[in-house]
Amino acid sequence: MPLDRRDLDRRDLDRRALDRRAFLGLAAALALPLSPGARGATAAAATVAAPLRRTIPGTTEALPVIGMGTSGTFDVGKGSEERAPLADVLSLLLRDASNTVVDTAPSYGNSEAVTGDLIEAATPPHARKRVFLATKISTSHTNAPAQFARSLADLRTDTVDLLQVHNLVDWRENLRWLRQLKEQRKIRYIGITHYRDEAHDQLAQILRSERVDFLQVNYSAGDRNAENELLPLARDRGVAVLINRPFQDGNIFAAVKGRPLPDWAGEIDCNSWGQLFLKFIVSHPAVTCAIPATSKPKNMADNLAAGHGRMPDSRERARIAALLA
């Protein structure tokens, strides 16, 4: 059974302590009201520089390089106990930066509805204005309008910033419809997505033949297939890139389990494996934003820290990749 990040939190005490320190430090810096389980701890307030942002090609709009996915994490019920940590996760994200990416989909169970509820209830108020909200169409074009209407209702919004064809489902017809929505100003950007290497050739063909604003694709320090063609092509074509599966569903942590963080990680302001792996991704010049998913505030704080401080250059990126060779 693959080792995911939640398993590592249970099994690796040193990592858990580090993540807790990261959470408390960033929470204090962002003035986040801590959840009851963390209120007993105190941390000195700190000044946190603004995170790195990348401009959406062809625009002046910039996104923080660390956003958030919701697959497998926001699919919960209505109970306050299961939603409370997700509210803290979202609050940390919103306090770190404005226009931050929150990516979801109608195929992620209750994730859209939970995302919509938590954004509406978030602190600070009017959180929707601070979110770059992305969702997807994951059905045939004949059913797409009804699916999108449900998504808007669940997300409690009249529009989304980015609408994507999920895993290339009926992509020709759906892209045609998405362009109509964009022309009608019901959405701002259109995109295509996939999460498997086997789809990369087809994604590349679409980028060459179609005009899209965003590509969402899998990429990590342990799965670099997107480097071969897709990422250079997206950069050449002026397409923004969102990265899913940055931790390979936790498998990337299993690959370094029990190994100490390299001493040189401090040279690029990393104090955890998660930060090191995220900085590898967002330092690629074609990448606009990585969207790791988590249900744990301490992991969200750790993820967000990867958007701050020094970024690896090409030599340091090679050193990170070599750790997983």
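Where a number appears in this text, it was derived from the coordinates with a stated rule and is not lab data. Quick caveat: nothing in here was measured; it's all calculated off a predicted structure. Note: ideal-geometry Cβ built from the backbone for every residue, glycine included; neighbour counts use all protein chains shown.
Counting only DSSP H runs of at least 4 residues, each contributing -39500 (n - 2.57), and dividing by the residue count of the chain, the helix-based mean residue ellipticity at 222 nm comes to -11500 deg cm²/dmol. Listed values for segment 125-133 are Karplus-derived 3J(HN,Hα) couplings in whole Hz (6.51 cos²θ - 1.76 cosθ + 1.60, θ = phi - 60°), namely x, 6, 4, 4, 6, 9, 10, 8, 8, and x replaces Gly and Pro.
Taking the number of Cβ atoms within 10 Å of each Cβ as an exposure proxy, the fewest-first ranking of Phe280, Phe132, Phe74 is Phe132, Phe74, Phe280. In a fully extended conformation the segment linking Arg128 and Thr60 would gain 22.5 nm over its present Cα-Cα distance, using 0.36 nm per residue. The amide H of Thr70, built 1.01 Å from its N in the peptide plane, has Asp103 as neighbours under 5 Å, considering only residues 5 or more places off or on other chains. Membrane-span-like helices in the chain, defined here as complete DSSP H runs extending at least 20 Å along the helix axis by their C-alpha atoms with mean Kyte-Doolittle hydropathy no lower than 0.5, are absent; this is a sequence and geometry rule, not a statement about a membrane. In a DSSP loop and with at most 14 other Cβ atoms within 10 Å, the GluC sites (Glu not before Pro) in segment 126-235 are Glu229. Our estimate of slack between Arg310 and Asp158, defined as 0.36 nm per intervening residue step minus the Cα-Cα distance, is 50.9 nm.
For the pair Leu168 and Ser209, the difference between a 0.36 nm per residue extended length and the Cα-Cα distance amounts to 13.3 nm. If you work out semi-axes √(5λ) of the Cα gyration tensor in Å from the coordinates, which of (1) 30, 24, 17; (2) 59, 21, 14; (3) 43, 37, 17 do you get? Comparing each candidate, only (1) matches the computed number. Placing a label point 7 Å from the Cα of Arg176 along the Cα-to-Cβ direction, the residues of segment 115-158 whose backbone N falls under 12 Å of that point are 141-142. Each residue, Glu227 and Ser80, gets one label point 7 Å from its Cα in the Cβ direction; the gap between the two is 4.9 nm. Sorted fewest first by neighbouring Cβ atoms within 10 angstrom, Asp197, Asp103 come out as Asp197, Asp103. Contact order normalised by length for the chain, with contacts defined as Cα pairs under 8 Å and 6 or more residues apart; what percent is it? After rounding, I find 22 percent. The dipole here belongs to the chain: it is taken about the Cα centre, uses +1 on the Cβ of Lys and Arg and -1 on the Cβ of Asp and Glu, and is about 440 debye. For Lys182, the lysines whose Cα comes closer than 24 Å to its Cα, not counting residues fewer than 8 places off in the same chain, are Lys129, Lys136. Under 20 Å of direct C-alpha separation, and excluding same-chain neighbours fewer than eight residues apart, Lys298 reaches these lysines: Lys257, Lys279. When Ser209, Ser140 are sorted by how many other C-beta atoms sit within 10 angstrom of their C-beta, beginning with the fewest, the order is Ser209, Ser140.
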